[in-house]
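To start, the structure itself, in structure tokens.
Only the coordinates and a few stated rules stand behind these numbers; no lab work does. Bear in mind that the values here come from a model prediction, so they are computed numbers and not experimental data. Counting neighbours? That spans all protein chains shown, and the Cβs are built from the backbone with ideal geometry, glycine included.
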Amino acid sequence: MEAMTEHTIGSLAREVGVNVETVRFYEREGLLVPTARTGRGWRRYDEGALATIRFIKGAQRMGFALAEIGALLKRRGDDGEMCIASREAGERKLEEVEQQILELEAVRTFLRRELDACASPNQCKVVETLEGEEK
């Protein structure tokens with residue numbers, strides 16, 4: 001039988017590329033729980049903690065908030081539930097991203113139009129528009 005690998009908070013943080021304070025923060029937020037504590041109170045983590053932090057970081061890169069990530073992690077034990085919850089969360093996130101893209105495209109259109117309308121350094125259409133002084 002293979003012995004389970006345990007990590008200190010420092011080795012866990014190094015392994016997943018975060019700092020120790022990030023690990024502590026995830027604990028305070030209820031996203032990560034140490035497997036055990038030593039007699040001196042030092043945190044110990046198993047391999048599952050590595051996967052949890054990688055999941056958190058991956059979900060953050062996709063734009064998920066910690067509350068959304070926490071809700072997904074609570075369903076982690078049931079693969080079917082996790083899959084359904086992840087799909088639903090992904091669909092909601094996709095809708096948000098598509099809305100953000102529309103808003104950013106409108107900003108880009110505005111900026112291009114206003115920058116093209118700048119006649120000289122003394123008459124800046126962008127500043128006039130932002131100040132609400134359309135002329």
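Brief remarks on what is shown
- Loop sites in the stretch 1-77: trypsin sites (Lys or Arg not before Pro), DSSP, at most 13 other Cβ within 10 Å: Arg40
- For the chain, averaging the sequence separation of C-alpha pairs within contact (under 8 Å, six or more residues apart) and dividing by the residue count gives a relative contact order of 14 percent.
- Backbone HN-Hα couplings from phi across the stretch 62-69 [Karplus 6.51/-1.76/1.60, Hz, Gly and Pro as x]: 7, x, 6, 7, 4, 4, 5, 5
- Each Lys and Arg contributes +1 and each Asp and Glu -1, all at the Cβ; summed about the Cα centre of the chain, the dipole is approximately 680 debye.
- For the stretch 1-74, size of Cβ-based charge dipole, Lys and Arg +1, Asp and Glu -1, in debye: 200
- Projected-area mean, the chain, by convex hull of Cα positions, square nanometres: 13.7
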